[in-house]
Amino acid sequence: MLNVAVVGSGPAGLYAAEALVKQAAALPAPVPVRVDVIDRLPTPYGLVRYGVAPDHKSIKSIAQYLRKVLESPDVRFVGGVHLGEDVTRDDLVSAYDAVIYATGAMRDRRLGIPGEDLPGSYAATDFVNWYCGHPDMDSEAFTLDAESVAVIGVGNVAVDVARILARDPHELHTTDVPQPVLDAGHARTVRVVHMLGRRGPAHAKFTTKELRELGELPGVELVVHGDEADLNAFDLAGEGAVMAESDRRVRGNLVAITKWAQDGSAPPASTGHARRLTVRFWLRPTEILGTERVEGITLERTSISADGKFGGTGGFETLDVQMVLRSVGYQSVPLPGVPFDPRASVVPNAQGRVLGEDGTPLPGEYVAGWLKRGPTGVIGTNKSDAAETVRCLLEDLAGGPGEGDVPLPRAGMLRYPDRPAPAADPVAQAAGPAEAWPLASVLAGKGITPVSYAEWLRIETAEADLAQALGRGERVKLHNAEAIWSACRPPTE
């Protein structure tokens, strides 16, 4: 029996738990595994629950797949347990045969320009956490009382943020967006949204599907400046044209961008649209302006020279904006006691094996997801990433495939082992006696009772009941930590 702890219940952590159960059962000599999925929050699913925009229901449906992982009799959800506060790295390494760290990337990169900390300038992750109902966020953190907003970045998160700002809030009525956020949307004064990229359209990181959705928003005029859509106007080295030839995604993006290209000078009122969303390229922020709060942003025109050097041209323009949302990439944060590379913002590793200061693998410690490779790929990328980490873990601990052997199939191609069906309480059967599971004595000594999967289901029920009471779709998220904990563990009368 292998006892493994997975720290983080987002896609990377749950795909790792799934791969552990399935790959261990598929070994030439099958090995039974018990996996404890530990999360600091009382709610699972991580980025799927708190990072996917509420109007992307197809992506959010991934939670239904992840739910099956948590309901495996070999997997136990251990919520409300914070690494570094409630348990230490040494606690985990001592209690389990192996530990997989999979806490993702939860911090925005900074711009490093004057005025970045003015009131009205925010990290995009804070805005995303707000409209996704993250319990760390105050439901009144944003009032949306700006007339004009600048979104810095041209990745999928920036697209999500811009779309939520520009979309008619009535269209979010049947989503799971918390009610205070929906109320703020109805009271908003935002009329113009600028999405800004420092390089050209060929370099933008958004996917074509996400980009096209911007052009389908009712009541929103989408504008791209014609010269900025031209691949050759500010790219004398022709990098964009080469990327367009070799990358299907870039070609798809350029089709949409070219369709929207115009001079961008007409005011929104002249088009009959209620709001305008302008996608700009070849501009980098140099200063956020204002005294008491954000009043504008200064941008420098950029270009790529004939010899391939990227930089500013010395030409500047200023936008009148009252809010700035920074979305220029995510970073992982160090876990207490766990090795961390501050330059790459990842745990140093070789195929998921955590490396010590001397570059050799640390026995029993592994990493998966963005904490392993950086914030790249889509949600599904974490599946193959986790499968690689688990293959290494089983090679080390369970006599798995050795060097030169045929690797195990990817996790999704394997069946779960034959196990008895879960009991009425989906964690009861996997947990066994309270004193039997690895962290029982450590947490009991600190007076901590972890949140079980059954208690998480109470939160789900409360959110379904709230949606019914409000006449809003299948689920409405509870909007703060107090409401979540009250649903999870109702106060005794």
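The values are calculated or read from the model by the stated rules, or taken from the named source; none is laboratory data. Everything numeric in this text was worked out from a predicted model, so none of it was measured. Cβ sites come from the backbone with ideal geometry, for glycine too, and all protein chains shown count toward neighbours. Side chains included, ligands, DNA and RNA excluded: accessible areas come from the protein's heavy atoms. Shrake-Rupley method; radii C 1.70, N 1.55, O 1.52, S 1.80 Å.
For segment 214-253, just the Cα set please: Rg and Dmax, both in angstrom.
Cα only, segment 214-253: 12.9, 38 Å (Rg, Dmax).
Given H placed 1.01 Å from N in the peptide plane, which residues other than close sequence neighbours of VAL354 have an amide H under 5 Å from its amide H?
Correct list: LEU362, GLU365, TYR366, VAL367.
Using the crude model of +1 on Lys and Arg Cβ and -1 on Asp and Glu Cβ, and no other charge, please compute the dipole size for segment 92-230 relative to its Cα centre, in debye to 20.
420 debye
Return the whole-Å distance between the Cα centroid of segment 344-387 and the Cα centroid of segment 20-50.
After rounding, the separation between the Cα centres reads 16 Å.
Take the Cα atoms of segment 135-192, build their convex hull, and give its volume per residue in Å³.
Cα convex hull per residue, to the nearest whole number: 99 Å³.
Can you compute the charge dipole magnitude of segment 33-74 about its Cα centre, using +1 on each Lys and Arg Cβ and -1 on each Asp and Glu Cβ, nothing else charged? Give it in debye, rounded to the nearest 20.
So the dipole magnitude of segment 33-74 works out to roughly 120 debye.
For segment 214-356, what is the percent of antiparallel DSSP beta bridges, rounded to the nearest 5?
Among the beta bridges of segment 214-356, antiparallel pairing accounts for roughly 65 percent.
Under 16 Å Cα to Cα from LYS22, which aspartates and glutamates show up? Leave out anything in the same chain fewer than 8 places away.
Filter leaves ASP36, GLU71, ASP74, ASP385, GLU388, GLU395, ASP418.
Taking the Cα-to-Cβ direction at MET1 and at ARG415 and moving 7 Å from each Cα, how far apart do the two end points lie in nm?
2.5 nm
Output needed for segment 6-115: three equivalent-ellipsoid semi-axes, defined as square roots of 5 times the C-alpha gyration tensor eigenvalues, in descending order, whole Å.
Values: eigenvalues 149, 78, 31 Å².
Whole-Å semi-axes of the equivalent ellipsoid: 27, 20, 12.
Tell me the carbon and sulfur percent of the accessible area for the chain, rounded to whole percent, probe radius 1.4 Å.
52 percent
What residues qualify as long-range amide H neighbours of MET195, i.e. H under 5 Å apart, gap of 5 or more or another chain, H built at 1.01 Å from N?
VAL151, THR278, VAL279, ARG280
When DSSP assigns beta bridges and you keep just the ones with both residues in segment 1-156, what percent turn out antiparallel, to the nearest 5?
Here the share of antiparallel DSSP bridges comes out near 0 percent.
Given R₀ = 60 Å, FRET efficiency for LYS309-ASP136 by Cβ-Cβ distance, to 0.05? Write out the running numbers ahead of the final one.
Numbers: r = 41 Å, r/R0 = 0.68.
My answer for the efficiency is 0.90.
Past 30 Å, Cα to Cα, is the threshold; run LYS209/LYS372; LYS68/LYS209; LYS57/LYS446; LYS60/LYS446; LYS60/LYS205 against it and keep the listed order.
LYS57/LYS446; LYS60/LYS446
Once the other residues with Cβ under 12 Å from the Cβ of GLU460 are scored (Lys, Arg +1; Asp, Glu -1), what is the net sum?
Taking every other residue near GLU460 into account, the sum is 0.
I need the phi-derived Karplus couplings for segment 275-290: 6.51 cos²θ - 1.76 cosθ + 1.60, θ = phi - 60°, integer Hz, Gly and Pro marked x.
Going residue by residue, I get 9, 10, 10, 10, 9, 10, 10, 6, 9, 10, x, 10, 6, 9, 9, x Hz, with x marking Gly and Pro.
Using a 1.4 angstrom probe on the protein heavy atoms only, line up GLU18, GLU460, GLU388 by accessible area, largest first.
GLU388, GLU460, GLU18
If you restrict to DSSP beta bridges whose two residues both lie in the chain, what percentage is antiparallel, to the nearest 5?
In the chain, approximately 35 percent of DSSP beta bridges are antiparallel ones.
To the nearest 10 square angstrom, what accessible area does PHE340 show with a 1.4 Å probe?
Using a 1.4 Å probe on the heavy atoms, I get roughly 50 Å².
Per residue of segment 135-150, what does 6.51 cos²θ - 1.76 cosθ + 1.60 with θ = phi - 60° give for ³J(HN,Hα)? Whole Hz please, x for Gly and Pro, Karplus curve as stated.
With the stated coefficients, segment 135-150 comes to x, 6, 9, 6, 5, 9, 5, 10, 10, 6, 9, 7, 7, 9, 10, 9 Hz.
Report the local net charge at ASP136: Lys and Arg +1, Asp and Glu -1, summed over other residues whose C-beta lies under 15 Å from its C-beta.
-3
Each residue of segment 43-49 in order: what ³J(HN,Hα) in whole Hz does its phi give by Karplus 6.51 cos²θ - 1.76 cosθ + 1.60, θ = phi - 60°, with x for Gly and Pro?
For segment 43-49, the Karplus curve yields 10, x, 5, x, 4, 5, 7 Hz.
By its C-alpha gyration tensor, with a ≥ b ≥ c as the square roots of the eigenvalues, how is segment 302-350 shaped: rounded for a/c under 1.5, else prolate for a/b larger than b/c, else oblate?
oblate
Before rounding to the nearest 500, sum -39500 (n - 2.57) across all DSSP H runs of length at least 4 in the chain and divide by the residue total; then give [θ] at 222 nm in deg cm²/dmol.
-8500 deg cm²/dmol
Along each principal axis of its Cα atoms, how long is segment 180-253 end to end? Whole angstroms, biggest number first, please.
48, 22, 19
At 7 Å along the Cα-to-beta-carbon direction for both SER441 and ASP183, put a label point, then send me their distance in nm to one decimal.
For SER441 paired with ASP183, the spin-label model returns 5.0 nm.
At 1.4 Å probe radius, can you tell me the per residue accessible area of the chain in Å²?
Accessible surface, normalised per residue, equals 42 Å².
Using a simple charge model, +1 on the beta-carbon of Lys and Arg, -1 on the beta-carbon of Asp and Glu, nothing else, what dipole does segment 1-98 show about its Cα centre, in debye to the nearest 20?
Around 440 debye, computed over segment 1-98.
Computed over the Cα atoms of segment 267-370, what is the convex hull's projected area averaged over all directions, in nm²? Could the numbers behind the result be given before it?
Details: hull surface 51.5 nm².
Over every viewing direction, the Cα hull of segment 267-370 projects on average to 12.9 nm².
Between beta-carbons, use under 14 Å as the cut-off and find the net charge around ASP39, counting Lys and Arg +1, Asp and Glu -1.
Values: positive: ARG40, ARG49, ARG76; negative: ASP36, GLU85, ASP86, ASP136, GLU455.
Once all neighbours under 14 Å are counted, the net charge is -2.
Stretch ALA464-ILE113 to full length: gain in nm at 0.36 nm per residue minus the Cα-Cα span? Mind showing how you got there, number by number?
Numbers: separation 351, 0.36 × 351 = 126.36 nm, distance 4.37 nm.
This chain segment gains 122.0 nm when fully extended.
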